[in-house]
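Asker: Got a structure here, written out as C-alpha cells. Questions coming.
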Amino acid sequence: MSLTDSDFLRYSRQVLLPEVGEAGQIAISKSHVVIIGVGGLGNLVAQQLAAAGVGHITLVDGDRVELSNLPRQLLFDDSDIGNNKALVAKDKLSRAYTQTQLIAVSEHLTQDNISQVLTLDEPYAQLLDCTDNFETRQRVNRFAIESRTPLVSASAANFQGQLLNINQQHNPQSGCYHCLYPADMSVNQTCQTVGVLGPMVAALASMQALMALQQLLGDRQTVGKLFRFDGKSFSWREARLPRSPECVICGDVQGLSGAEKNCGKLPSTEKEYV
C-alpha cells in the first residue's frame, strides 16, 4: 500500500515529520480507533483524528445534544439539539473527512452491552475514554485490561485536567484507572455540577488525540504515566503510575515492591512543566 498523490498533498505537513513519513501515515490510515463519549473531549478528539487521516473511527454515545453543550462541543450547533451525539458527529465528520470510515453506536455503554459494542468485526488499535461518567470509566478500564487493548483516558473539570495512558502489553508493571481511582471511592460531583471553560476541554482533547497518534506511530513513551494539567498556572505534572497489587482489575500480588503499592498518589519525583 502507498499514499496517493492526493494523500501526499493532504497530509504533507505530517509526512514531513521523520517520526511519521509515508510509512507512518499509512499506519495511521489503516488504524481503527474507538472513542467512548462524543461530548466535550470526544467531539474534538474525533475531529482531530479524522483530520489526521485515521482510517476507521467508531463513536459510542447514547446522549443527545443539549443547548449547554454548544460552548464546548464545537461539531454541534443549534440545529442539532435533541439529536443523538454519535449520529450527528458521524454525519458531519463523514462529510468533512471522506477518507475516514465512521461508525456510530447511538447507545450508552453498559455492563450488559459492552462486550457486544466493543467486540467489533474489525480489530481496533486504540480505545479512547472521553466519557464524563465515573462508572463508565471503570467499565472501559476493565474491558481494556481484560482485552489487552491500549487505552488513553482523559478528563477535564474546573481548571484541572488529566491524561492516563494504559497499555500493559507494552508496560506490564504499569497501573490502570482503577489503581488510581478504586471503584468503591465516593464521587460527589458530576459534569452537570462542575464548571469548565471550553478551551480547557479543548487543551486536554488535543493532548489525548496527540497521545493516540503517537501510539499509532509506535511511540509509547507516555505509557504507564499520569499527566495532570493546571489550567490556572499553565503547568503540567507527570508521574509514573505503577500497578497496585491490591487492584482487583490489574493487580498482581507477585513481583511488586512495597514502594510500588502507592498507586494513585503522585510521587515526589513528579515533573512540572511551566
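Asker: Does at least one position in the stretch 25-33 carry a residue that is out of contact with any strand residue (DSSP E or B) (no Cβ under 8 Å at 6 or more places or on another chain) and among the hydroxyl-bearing types (Ser, Thr, Tyr)?
Answerer: Within the stretch 25-33 (the criterion being out of contact with any strand residue (DSSP E or B) (no Cβ under 8 Å at 6 or more places or on another chain) and among the hydroxyl-bearing types (Ser, Thr, Tyr)), the answer is yes, since at least one residue qualifies.
Asker: Which one of Phe159, Phe234, Phe229 is modelled with pLDDT of 95 or more and closer than 26 Å to Gln126 by Cα? Before the answer, list the steps.
Answerer: Working: Phe159 fails: closer than 26 Å to Gln126 by Cα; Phe234 fails: closer than 26 Å to Gln126 by Cα.
Step by step, each of Phe159, Phe234, Phe229 is checked, and only Phe229 is modelled with pLDDT of 95 or more and closer than 26 Å to Gln126 by Cα.
Asker: Which one of these is in contact with a His (Cβ under 9 Å, 6 or more places away or on another chain) and either farther than 10 Å from Cys130 by Cα or touching a residue at least 40 places away in the same chain (Cβ under 8 Å) (or both): Val33, Val45? Before you say what the answer is, go through the steps one by one.
Answerer: On the way: Val45 fails: in contact with a His (Cβ under 9 Å, 6 or more places away or on another chain).
Result: Val33 is the single residue among Val33, Val45 that is in contact with a His (Cβ under 9 Å, 6 or more places away or on another chain) and either farther than 10 Å from Cys130 by Cα or touching a residue at least 40 places away in the same chain (Cβ under 8 Å) (or both).
Asker: Next question. Return the only residue of Ser153, Ser174, Ser147 being among the polar types (S, T, N, Q) and in contact with an Asp or Glu (Cβ under 6 Å, 6 or more places away or on another chain).
Answerer: Exactly one of Ser153, Ser174, Ser147 is among the polar types (S, T, N, Q) and in contact with an Asp or Glu (Cβ under 6 Å, 6 or more places away or on another chain), namely Ser153.
Asker: Starting from the stretch 130-159, keep only residues that are of a type in the set (A, V, I, L, M), then list their pairs with residues that are open to solvent by 20 Å² or more (accessible area, probe 1.4 Å) and in a loop (DSSP other than H, G, I, E, B) whose Cβ atoms are within a distance under 6 Å, requiring at least 6 positions of separation or different chains.
Answerer: That search, which allows pairs on different chains as well, returns Ile145/Ile249; Ala157/Val194.
Asker: Pairs only if they're at least six apart or on different chains, beta carbon under 8 angstrom, first in the stretch 1-28 and of a type in the set (S, T, N, Q), second open to solvent by 50 Å² or more (accessible area, probe 1.4 Å) and assigned to a helix (DSSP H, G or I); list them, first residue then second.
Answerer: Pairs that qualify, where the first residue is of a type in the set (S, T, N, Q) and the partner is open to solvent by 50 Å² or more (accessible area, probe 1.4 Å) and assigned to a helix (DSSP H, G or I), are Ser2/Glu22; Gln25/Gln14.
Asker: Hey, can you tell me all the residues within the stretch 140-167 that are over 16 Å from the mean Cα position of the chain (by Cα) and either buried (at least 24 other Cβ atoms within 10 Å of the Cβ) or under 25 Å from Pro199 (Cβ atoms) (or both)?
Answerer: Of everything in the stretch 140-167, those that are over 16 Å from the mean Cα position of the chain (by Cα) and either buried (at least 24 other Cβ atoms within 10 Å of the Cβ) or under 25 Å from Pro199 (Cβ atoms) (or both) turn out to be Asn158, Phe159, Gln160.
Asker: Looking at the stretch 29-52, which of its residues are farther than 19 Å from Val201 by Cα and either in contact with a Pro (Cβ under 8 Å, 6 or more places away or on another chain) or surrounded by 24 or more Cβ atoms within 10 Å (Cβ to Cβ) (or both)?
Answerer: Listed by number, the residues that qualify are His32, Val33.
Asker: Just checking: which of the helices (runs of 4 or more DSSP H) contained wholly in the stretch 1-112 hold 2 or more residues that are under 17 Å from Ala125 (Cβ atoms)? Steps first, please.
Answerer: Numbers: elements: 5-10, 12-15, 21-29, 40-52, 85-96.
Per the criteria, 21-29, 40-52.
Asker: Let me ask something else. Counting just the residues of the stretch 9-28 that are more than 22 Å from Gln221 (Cα to Cα) and open to solvent by less than 80 Å² (accessible area, probe 1.4 Å), which one comes out nearest to the chain's Cα centre (by Cα)?
Answerer: Ranking the candidates gives Tyr11 first.
Asker: Take the stretch 192-224 and flag every residue that is part of a helix (DSSP H, G or I), open to solvent by less than 30 Å² (accessible area, probe 1.4 Å) and either closer than 17 Å to Leu164 by Cβ or among the charged types (D, E, K, R) (or both).
Answerer: Val201, Leu204, Ala205, Gln208, Ala209, Met211, Ala212, Gln215
Asker: Taking the criterion of being touching a Cys at 6+ places or on another chain (Cβ under 9 Å), of a type in the set (S, T, N, Q) and either modelled with pLDDT of 95 or more or open to solvent by 70 Å² or more (accessible area, probe 1.4 Å) (or both), would at least one residue in the stretch 168-180 satisfy it?
Answerer: no
Asker: Since Thr131 meets every condition but one in (1) farther than 22 Å from Ser206 by Cβ; (2) at pLDDT 90 or above; (3) out of contact with any Phe, Trp or Tyr (no Cβ under 9 Å at 6 or more places or on another chain), which condition does it not meet?
Answerer: Tallying (1) farther than 22 Å from Ser206 by Cβ; (2) at pLDDT 90 or above; (3) out of contact with any Phe, Trp or Tyr (no Cβ under 9 Å at 6 or more places or on another chain), Thr131 fails exactly one: (1).
Asker: Return the total of residues in the stretch 64-91 being of a type outside the set (Val, Ile, Thr) and either at pLDDT below 95 or open to solvent by 40 Å² or more (accessible area, probe 1.4 Å) (or both). Walk me through it before giving the result.
Answerer: Filtering the stretch 64-91 down to residues of a type outside the set (Val, Ile, Thr) leaves 64, 66-80, 82-87, 89-91.
After this cut, where a residue has to be either at pLDDT below 95 or open to solvent by 40 Å² or more (accessible area, probe 1.4 Å) (or both) as well, the list is 64, 66-68, 71-72, 74, 77-79, 83, 87, 90-91.
Residues meeting the conditions: 14.
Asker: Also, quick follow-up: Out of everything in the stretch 94-127 that is under 30 Å from Tyr11 (Cβ atoms) and of a type in the set (Asp, Glu), what residue ends up being least open to solvent (accessible area, probe 1.4 Å)?
Answerer: Glu122
Asker: Please enumerate the residues belonging to the stretch 225-240 that are assigned to a strand (DSSP E or B) and open to solvent by 40 Å² or more (accessible area, probe 1.4 Å).
Answerer: Within the stretch 225-240, Lys225, Arg228, Asp230, Trp236, Arg237, Arg240 meet the criteria.
The values are calculated or read from the model by the stated rules, or taken from the named source; none is laboratory data. Just so you know, these numbers come straight off a predicted model, no measurement behind them. We place every Cβ from the backbone using ideal geometry, glycine too, and count neighbours over all the protein chains shown. In case anyone asks, the SASA skips ligands and DNA or RNA and just uses the protein heavy atoms, side chains included. Shrake-Rupley method; radii C 1.70, N 1.55, O 1.52, S 1.80 Å.
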